[in-house]
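Everything on this sheet refers to the single structure shown next.
The values are calculated or read from the model by the stated rules, or taken from the named source; none is laboratory data. All figures in this text were calculated on a predicted structure; none of them were measured in a lab. Using ideal geometry, Cβ is built from the backbone for each residue, glycine included, and neighbour counts are taken over all protein chains shown. We work out accessible area using only protein heavy atoms, side chains counted, and drop any ligands, DNA or RNA first. Shrake-Rupley method; radii C 1.70, N 1.55, O 1.52, S 1.80 Å.
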2 protein chains.
Amino acid sequence: MTEIIQSTRPTPPGVSEAELDRALEAFAAAIGTEKVATDPEALQDFQDPYQVPGTATNVPSGVVSPTSVEDVQAIVRLANEHRIPLWPIGRGKNNGYGGAAPQVRGSVMVSFRNMNKVLEINEELGYAMVEPGVSWYDLHDAIEAGGHDLVASIVDVGWGGVVSNTLEHGLTYMPYSIDQAAHCGFEVVLPDGDLLRTGSGAMDNNPTWPLYKRGLGPTSTEMFMQSNFGIVTKMGYWLMPKPEVYMPLWLRLWDAANLPQVIDALRELMLAGTIDMRPQLSNTLIMASMLSSRAQWYDGPGPIPEDVIDTIAKEMDLGRWMMRFALYGDEAVVDHNFAKLKARFMRIPGVDIKGEKYGADQWETLPNPHEQVMIGVPNNDLYKMASWSGGEEGGHVDFSPVVPLTAKHAAEAQQLMVEMCAEAGLDYLGGMLPINARATTFINVIPFDTKDPEQVDKAYSAAKRMVARAGKMGYGEYRAHLSFMDLAAHQFGFNDHAQGRFNETIKDTLDPNGIIAPGKSGIWGTRMRQEGFPVIDERFPLD
Amino acid sequence: MTEIIQSTRPTPPGVSEAELDRALEAFAAAIGTEKVATDPEALQDFQDPYQVPGTATNVPSGVVSPTSVEDVQAIVRLANEHRIPLWPIGRGKNNGYGGAAPQVRGSVMVSFRNMNKVLEINEELGYAMVEPGVSWYDLHDAIEAGGHDLVASIVDVGWGGVVSNTLEHGLTYMPYSIDQAAHCGFEVVLPDGDLLRTGSGAMDNNPTWPLYKRGLGPTSTEMFMQSNFGIVTKMGYWLMPKPEVYMPLWLRLWDAANLPQVIDALRELMLAGTIDMRPQLSNTLIMASMLSSRAQWYDGPGPIPEDVIDTIAKEMDLGRWMMRFALYGDEAVVDHNFAKLKARFMRIPGVDIKGEKYGADQWETLPNPHEQVMIGVPNNDLYKMASWSGGEEGGHVDFSPVVPLTAKHAAEAQQLMVEMCAEAGLDYLGGMLPINARATTFINVIPFDTKDPEQVDKAYSAAKRMVARAGKMGYGEYRAHLSFMDLAAHQFGFNDHAQGRFNETIKDTLDPNGIIAPGKSGIWGTRMRQEGFPVIDERFPLD
């Protein structure tokens, strides 16, 4: 009996069960027994919810839940001593990108759910200082509770974390979302337990820490994003003064062939500043997936046929592509910009546009969850998308390269996705979320039923093939799923993978024991490479 | 005779003349004799022009002028072999911050004057890709020559370099200047000669290199700014589509006591997006210094008295503070924003505002050089400021902390500057250039006559005292003069100088021989510390 338990208990590479137990005891002694857990219920949240049930191998051995920066420092120091890899997680989601699971089996999760204080909201200067466990709900509620004349740019599904989403280059939608640049100033626990503050925070009591992104000399903030060079424990986040008017807008395109024209018009309007936020373009199936389930429309084999998509587009009144976007500002300026963008888009055959203006007293109670999101009111309604295929057991894997915001590149990226989805017999759920006026993420949500192992494998295989094919076309992922993180990182191959070699050098310097999130963004470090990582799916070799 | 020449010839630390000669020969053999110079005329440009003539100690031993990235790589590899510190310089200016001189005596300058190609201008996506020797004139001329419907955000004095100014966190003025974020993507020669491309450039042929600031994983771009971790050899720079209307604006404040009210109004208008560019606030003496010389107004001892400043303010029609700023965009929006900002500022007693709208056909020939600068037309007219005290031999040292853009902080920073200038018997030339809606650089231009060694010493001493005093108040320099770079860096003391220790760790890893710009931003590395650096002015100890 004992032997069976031993063989199934996840332990970190090169660490015995006894050594792991000693480490867990040391964590408990340092930060408190109640902050360390190893029971199955506590660990259940830290698995990818979109894997075939029971097949996950990258599962944690324990979870520590610090309540202070000092706790985090103690954890990191002990992890070095005991050679225990740590996998920090904010609120515990990351769905579609591998979930809250660690990359290395047996890692100890560092969960920030109990470090969820909004430390400060400054109305005069428009910022919040937050801990890494603050959710979008927490931030919104703190702004409301303080009666501040401010709004936060948020994500589609409000349960996630402000810091963890930011660190992942996550996308939000209001004007401050452009270039994912709303954060200002990090506090970071380094892999040796030392404490760094980036930008102006490197000076004691410098009031510009959350105001000016730099200090004197090189700025390390961006080195801690999508990274395993440290653990972020505080972050400044800019909040926008409430605009006079908020006008959510909906553009429908009934002829999918004209999508490239919409892209060019959008770039022009964004470059001119007429549209100054992050639109979200979705094809019929993405929109439908938030409002219905696949089985309502089609239950045949292979991808949903074109004529069924046309039916969905018409019956649900969605169009073949839909763009959700918004204007913010003084009413006179909003009116001018609406007239201008309407005139520009309506030159494209098959387009219609609608929208309505709202004052601040109406925002919290808007009936449409999309329209709530674009003015910073969090909800979880849009999570329904995940159950398109498979209902409660539905899942998705997201392939999301960045391409220039031009008709030509959008068409090329879309062709790749359509072809590969068709080859794999999967629906094409495509969307675009511009980064700025010049570049856009082109997201392919690949849905599957986790009860159908063959379909799951097809979905992951299709995503991996797309990563490699896109890399050859010069398109890189803005964010990678755990199961193809190494493959996605490997595509960045300029000068014999100069960036990867640079990152590994920094990793070995800052984290010689490979403690912090080994494998994150394909960065392993020498010790974990010696332990045999990365483990590559032999059907999809790196080269 | 020979001995005298030997004793005065600058050689790098720990390097004999013979070893230096072997290194210079190796440089010449690798990149061509014509690209290596050691004659006094060639080296004359690489000294601080604002020191007492003949007193400079931080002078170079030679200059190499690469014409290709491969040249730069060869230089760096040989510098490692021969232990020769290199000091890269774009166009050779940096006036007011120590000039084009190296921090370490005997360094070899890497001058980019012959790497001055605008490699690409993309009108559809609004960017240029430039080499490190491209001047603001070069960029402007390339846009004009290509007939592009684009404008570049530029600096006050057009002779500087686009890359070198950007790397120094330099300030420009148009909408893209906000947060100094107009650059996108670097190519960097690392200290070992390896070649890195940052952000999306880490992937071969990725068209989003100049479009999306990141790639997958941590982004190192900002680590190469104000830094000595590598030499930037290419940079993407965003260009703005020409707006329908450009409206330069001038606000005068006749009662200096109301400056804090102007600051609060400005922050509100910038947070609301009504003003979306970098204004420049200048007190009477800064404005006067660009248009006249001190001797015209006053020749008594000590700082210019208040009543004389009042006279200047009235006679030159400047006001006690003047703000130059501008609106850009569709005419209807510009009109709305002008009416709004005018109404807001005119609530402050003693304010007047004027401005006029111009279409694109008028920009190149605007008579006022300030108004040219704010629409991207370079000129050198505003350089006259340097001759306020001392005429042709005039100089200045700039003290420039970043403070929150609030009435309270602006008043506190100004009080520090006024008091310390008065103590030192120097004129107070103050100005503010907001970084964004939340923070501003508060610049104190300290003028002196380089023919008067006592005045020069007073000016530098005042600046150094201000750096230390400002540090205690929590204000850090946005850019530091060579002569107090160590002092300014030392103010960033959070957690026992965690940022400095982090930087030194990275420096030792990437550049163990201390080859690239030793001392830059106070980062020396172990080898140069073993050679006795930094050398601290004992009158101004670090602690």
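Just a few scattered comments:
- Segment B:152-263 - Rg over Rh from alpha carbon coordinates, Kirkwood radius: 1.10
- Reciprocal mean inverse distance between Cα atoms of the protein assembly as shown - Kirkwood radius, Å: 30.4
- Across the identical copies, the label point of B:W254 (7 Å from Cα in the Cβ direction) is separated from its matches by 6.4 nm, in order from shortest.
- With its label point put 7 Å out from Cα toward Cβ, A:Y383 sits 6.2 nm from the same residue's point in the other copies, in order from shortest.
- Remark: relative contact order (chain B) = 15 percent; criterion is Cα-Cα distance under 8 angstrom and separation of 6 or more residues.
- Karplus-based coupling profile of segment B:200-212, in residue order and whole Hz: 6, x, 5, 9, 4, 6, 7, x, 8, 3, x, 10, 10, with θ = phi - 60° in 6.51 cos²θ - 1.76 cosθ + 1.60 and x standing for Gly or Pro.
- In the assembly of identical copies, B:A145 has its label point, taken 7 Å from Cα in the direction of the beta carbon, separated from the corresponding points by 6.1 nm (ascending, one decimal).
- At a probe radius of 1.4 angstrom, the accessible area of the protein assembly as shown per residue rounds to 34 square angstrom.
- Taking Cα atoms only, the orientation of helix A:17-31 departs from the longest principal axis of chain A by about 80 degrees.
- For the protein assembly as shown, the share of accessible area belonging to carbon and sulfur comes to 50 percent (1.4 Å probe, ligands and nucleic acids excluded).
- Segment B:41-84 shape via C-alpha gyration tensor axes, a/c threshold 1.5: prolate
- For segment B:94-104, 3J(HN,Hα) computed residue by residue from phi via the Karplus equation (6.51, -1.76, 1.60; θ = phi - 60°) reads 6, 5, x, 10, x, x, 8, 7, x, 6, 10 Hz, glycine and proline entered as x.
- Backbone amide hydrogens, once placed in the peptide plane, bring B:Y478 within less than 5 Å of B:S400, B:V402, excluding anything fewer than 5 places away on its chain.
- Area hidden from solvent between B and A (accessible, protein heavy atoms only, 1.4 Å, total, Å²): 7300
- For B:F186, residues with placed amide H under 5 Å, excluding near neighbours: B:T198
- Karplus-derived HN-Hα couplings along segment B:183-196 (A = 6.51, B = -1.76, C = 1.60, θ = phi - 60°), whole Hz, x at Gly and Pro: 8, 8, x, 10, 10, 10, 8, 6, x, 9, x, 5, 10, 10
- P(r) tail, segment A:221-295: Cα-Cα pairs separated by more than 20 Å, 61% of all pairs.
- Residues A:K451, B:K458 ordered from highest to lowest accessible area at a 1.4 Å probe: A:K451, B:K458.
- Counting charges near B:M528 (Lys, Arg +1; Asp, Glu -1) among other residues having Cβ under 14 Å from its Cβ returns a value of +1.
- Listing of segment B:330-347 residues, each with accessible area lower by at least 10 Å² in the full protein assembly than in the chain alone (probe 1.4 Å): B:D330, B:A332, B:V333, B:H336, B:K340
- Close amide H contacts of A:D427 (hydrogens built in the peptide plane, cut-off under 5 Å, sequence separation of 5 or more or a different chain): A:I304.
- The listed residues B:F442, B:F533 rank as B:F533, B:F442 when sorted by accessible area, largest first, using a 1.4 Å probe.
- Rg and Dmax, both from the Cα atoms of segment A:87-133 and both in Å, are 14.2, 46.
- Cα gyration tensor shape of segment B:101-226, rounded if a/c is under 1.5, else prolate or oblate by comparing a/b with b/c: oblate
- Rg and Dmax, both from the Cα atoms of segment B:1-98 and both in Å, are 13.9, 40.
- Remark: the Cα gyration tensor places chain B in the oblate category, a/c being 1.5 or greater and a/b not exceeding b/c.
- Among the residues of segment B:460-480, those with an accessible-area drop of 50 Å² or more from chain alone to full protein complex, heavy atoms and 1.4 Å probe, are B:G474.
- Here is how the number arises for the protein assembly as shown: DSSP H runs of 4 or more residues each give -39500 (n - 2.57), the sum is divided by the residue count, and the result at 222 nm is -9500 deg cm²/dmol.
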